[in-house]
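The values are calculated or read from the model by the stated rules, or taken from the named source; none is laboratory data. Keep in mind the model is a prediction, meaning the values are calculated, not measured. Note that each Cβ is placed from the backbone with ideal geometry, even for glycine, and that neighbours are counted across all protein chains shown.
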C-alpha cells in the first residue's frame with residue numbers, strides 16, 4: 001500500500017512538472033510557478049523540476065522587476081520571510097524551510113541574501129543539487145559576483161564536476177591572482193581533470209592502470225602544478241609547456257591565463273601583461289581579461305614599491321605609489337568607457353572619485369551603480385557620504401535610511417550605515433535620535449570604530465539636559 005502511494009505521488013509530481021514546463025514555454029510564468037511549486041512540494045528531490053522552477057522565477061522577475069515604492073515594499077516582505085525561514089531552520093523544519101525558500105526566490109531569485117539563505121536551507125535539507133543550481137543561476141545573471149562564482153566552483157568540486165570547477169577557478173584566479181587558496185584549488189581541479197582523463201583512458205584495459213601509475217613524468221608534472229607557488233626550474237618547465245599549449249590552441253583563453261599566472265608568480269609581470277594582451281587579441285570584449293591586466297600591472301607597481309622601500313628609498317617608493325594610484329584611476333575611467341553598463345566598474349570608479357574628494361563625480365557613478373543588487377547598499381552608503389561631504393545632510397540621511405531599511409541583520413555594513421546616521425543626528429544636535437542609533441551599534445559591537453567614546457559623550461549630554 002505504501003509503495004502504491006509512493007507511485008501515485010511520483011506520478012502526480014510528474015504531471016505537475018509536465019504542465020509546469022508547458023506553461024513556462026507559453027510564457028505563463030505565474031501558472032508555471034504554481035504548478036512547479038506543487039511538484040517540488042510533493043517531490044523535494046525532483047531536481048529537474050526545481051531547475052525549471054528557478055528559470056521561471058528569474059524570467060518572471062526580469063519581466064516584472066519592481067521599482068520605487070513597490071520594490072521597497074517587496075523587500076520588506078522578503079526580509080520578514082527570511083526571518084521566518086531562519087526560524088524554521090533553527091527549529092529543525094528543513095523541508096518546510098525549503099518550500100518557503102521557493103516562495104522567497106519567487107519574489108527575487110537574484111537577491112544575494114535570498115540566494116545565500118536558499119543555499120543554506122538546501123544544504124541543511126540534504127539537497128546539494130538544489131544549492132548548486134541556485135548559486136549557478138544567480139551567478140549566470142550576476143557574472144561579476146566573484147563570491148557567487150566561488151560558491152559555484154566549490155560545489156562543482158563537491159559533486160565531482162572537475163572540468164567545470166577548473167573553469168570557474170580559472171576565472172576566480174584571473175580576478176584574484178594573489179589569492180593562494182584559490183590558486184591551490186585551481187591546481188587541485190586541474191590535477192583531478194588530468195587524472196580523470198587518464199583513468200578513463202585506462203578503463204577496460206588489462207594492466208593499463210600500471211602504465212598510468214608508472215608514468216613518473218606525468219606524476220612529477222602534477223606535483224609541480226599542485227604547488228601554491230611554482231618557482232625556479234619547476235616554473236620554467238611549466239611556463240614552456242603553457243607556451244606550447246597556446247601554440248597548439250591559440251584560441252583557448254584558459255591557456256593564456258594559466259601562463260600569465262605562472263609569470264606573475266615569478267615576478268615576470270611585464271611578460272604576464274604581454275600574454276594577457278595577446279589573449280585580448282583573441283577576445284577583445286572580455287572584461288575579465290581587462291581586469292586581469294589591471295591586477296597584474298598593480299602587482300608590478302607593488303613589487304617596485306616594496307623593492308624601493310627595502311632599498312631605503314622612501315621618496316622613490318612614495319613617487320611610485322602616486323604613479324600607481326594615478327594608473328588605477330585612469331585605468332578604471334578607461335574601462336568604464338569600454339564597458340559603460342558594467343555597474344561594478346561604475347561603483348569602483350565612484351570609490352576612486354570619493355577617495356580624492358570629487359563628490360559630484362562620485363555621486364554620478366554611485367547613482368548608476370545602485371541599480372546593481374550586489375552594489376546597491378554600498379552605493380547608497382557612499383552616496384550619503386558624498387552628500388554629507390557637500391553639506392547636504394538631508395540628502396545623506398535619505399540615502400542612509402533607504403539602505404538601513406534594506407538591511408535586516410546588524411552586520412558590518414548595517415553597523416556602518418546606522419553609525420553614520422547617528423553621527424549626522426549628533427552633528428545636527430538631535431541627541432536623542434543620535435543616542436538611538438548609537439545604542440543599536442553599541443549593543444551589537446562595542447569595539448566598532450569609536451562607538452564606545454561616542455556613547456559615553458551622549459550619555460553625559462543626556463544627563464546634563466534639564467528634565
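Values for this structure:
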item: Residue 434 being under 21 Å from residue 359 (Cα atoms) and either free of Cβ contacts under 8 Å to residues at least 24 places away in the same chain or assigned by TED's automatic domain parsing to the domain that holds residue 449 (or both); result: no
item: Number of positions in the stretch 114-144 that are in a helix (DSSP H, G or I) and in contact (Cβ under 8 Å) with a residue 40 or more places away in the chain; result: 6
item: Those residues of the stretch 176-185 which are part of a helix (DSSP H, G or I) and crowded, with 17+ Cβ neighbours inside 10 Å, in sequence order; result: 182, 183, 185
item: Any chance residue 403 is out of contact with any strand residue (DSSP E or B) (no Cβ under 6 Å at 6 or more places or on another chain), assigned to a helix (DSSP H, G or I) and modelled with pLDDT of 95 or more; result: no
item: Residues satisfying the stated conditions in the stretch 56-78, i.e. surrounded by 17 or more Cβ atoms within 10 Å (Cβ to Cβ) and at pLDDT 85 or above; result: 56, 57, 58, 60, 61, 78
item: Tally of residues being surrounded by fewer than 18 Cβ atoms within 10 Å (Cβ to Cβ) and either touching a helix residue (DSSP H, G or I) at 6+ places or on another chain (Cβ under 6 Å) or over 21 Å from residue 97 (Cβ atoms) (or both) across the stretch 43-54; result: 2
item: Residue match in the stretch 374-386 (condition: at pLDDT below 95 and not in a helix (DSSP H, G or I)); result: yes
item: Residue 65 being in the same structural domain as residue 125 (by TED's automatic domain parsing), in a loop (DSSP other than H, G, I, E, B) and either out of contact with any strand residue (DSSP E or B) (no Cβ under 8 Å at 6 or more places or on another chain) or touching a residue at least 40 places away in the same chain (Cβ under 8 Å) (or both); result: yes
item: Residue in the stretch 153-161 that is at pLDDT 80 or above, surrounded by fewer than 18 Cβ atoms within 10 Å (Cβ to Cβ) and either under 15 Å from residue 53 (Cβ atoms) or assigned by TED's automatic domain parsing to the domain that holds residue 81 (or both) present; result: no
item: Residue 436 being out of contact with any helix residue (DSSP H, G or I) (no Cβ under 6 Å at 6 or more places or on another chain), at pLDDT 90 or above, surrounded by fewer than 19 Cβ atoms within 10 Å (Cβ to Cβ) and not in a helix (DSSP H, G or I); result: no
item: Of residues in the stretch 25-50 being at pLDDT below 85 and part of a helix (DSSP H, G or I), the one farthest from the chain's Cα centre (by Cα); result: 25
item: Inter-residue pairs, beta-carbon under 9 Å, first at pLDDT 90 or above and in the stretch 323-338, second buried (at least 17 other Cβ atoms within 10 Å of the Cβ) and outside any helix (DSSP H, G or I), 6+ apart; result: 335/342; 336/342
item: So residue 426, is it surrounded by 14 or more Cβ atoms within 10 Å (Cβ to Cβ), part of a helix (DSSP H, G or I) and at negative phi; result: yes
item: Flag for residue 105 being under 15 Å from residue 33 (Cβ atoms) and either surrounded by 13 or more Cβ atoms within 10 Å (Cβ to Cβ) or in the same structural domain as residue 405 (by TED's automatic domain parsing) (or both); result: yes
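Quick grid of which residues meet (1) surrounded by fewer than 20 Cβ atoms within 10 Å (Cβ to Cβ); (2) closer than 21 Å to residue 447 by Cα:
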{"site": "372", "(1), (2)": "yes, no"}
{"site": "390", "(1), (2)": "yes, no"}
{"site": "393", "(1), (2)": "yes, no"}
{"site": "405", "(1), (2)": "yes, no"}
{"site": "410", "(1), (2)": "yes, yes"}
{"site": "419", "(1), (2)": "no, yes"}
